[in-house]
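Read-outs throughout are calculated quantities, based only on the coordinates presented, and are distinct from any laboratory measurement. Because the structure is a prediction, the values reported are computed rather than measured. Counting neighbours? That spans all protein chains shown, and the Cβs are built from the backbone with ideal geometry, glycine included.
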Amino acid sequence: IDSVADAANTIEFFVHLEDVRRATPDWKPRELDPELDDEIWRRLRAGVKLLFRKVPVGVTLVRAPQQLTVVAKAATPQMVTVTGTAGELTMFCYGRKDAAKVELHGDAAAVERLHRADLGV
């Protein structure tokens, strides 16, 4: 149970801290400590299928600049690739789609469906 709580707390703390940072008009993405960046990516990968289970399109996350990938939602006729740093992908996956600095690639209709989809548990 402690490891589940630790995982949730790490991501929750990161997302809420970023919410506060991004509430100011002149915010800029920050470079994370490499260990924190790796930990966020590891925890995001572990829970991403749950977050995307209701999404109507296939989604692959690509961590930049390492080009590491994880399939968030299995392939469907419509696929979207979401590319960004571990932190920005986390913000996107936890519903901060408009605030996340990510690139979306795919059919325009699929990208729109992903933007409209509810993510999360």
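The longest stretch of the chain left intact once loop-based trypsin sites (Lys or Arg not before Pro) with at most 14 other Cβ atoms within 10 Å are removed from consideration, loops following DSSP, is 55-100.
Of Val48, Val20, Val82, which is the most mobile in a GNM of the chain whose springs link Cα atoms less than 10 angstrom apart? Of Val48, Val20, Val82, the most mobile in the Gaussian network model is Val20.
Treating only the Cα positions of the chain as identical point scatterers, give the base-10 log of I(q)/I(0) from the Debye formula at each q in 0.17 Å⁻¹. Here the Debye-derived log intensity ratios amount to -0.83.
Pairs spanning more than 19 Å between alpha-carbon atoms, out of Lys28/Lys97; Lys28/Lys49; Lys49/Lys97; Lys54/Lys97; Lys28/Lys101: Lys28/Lys49.
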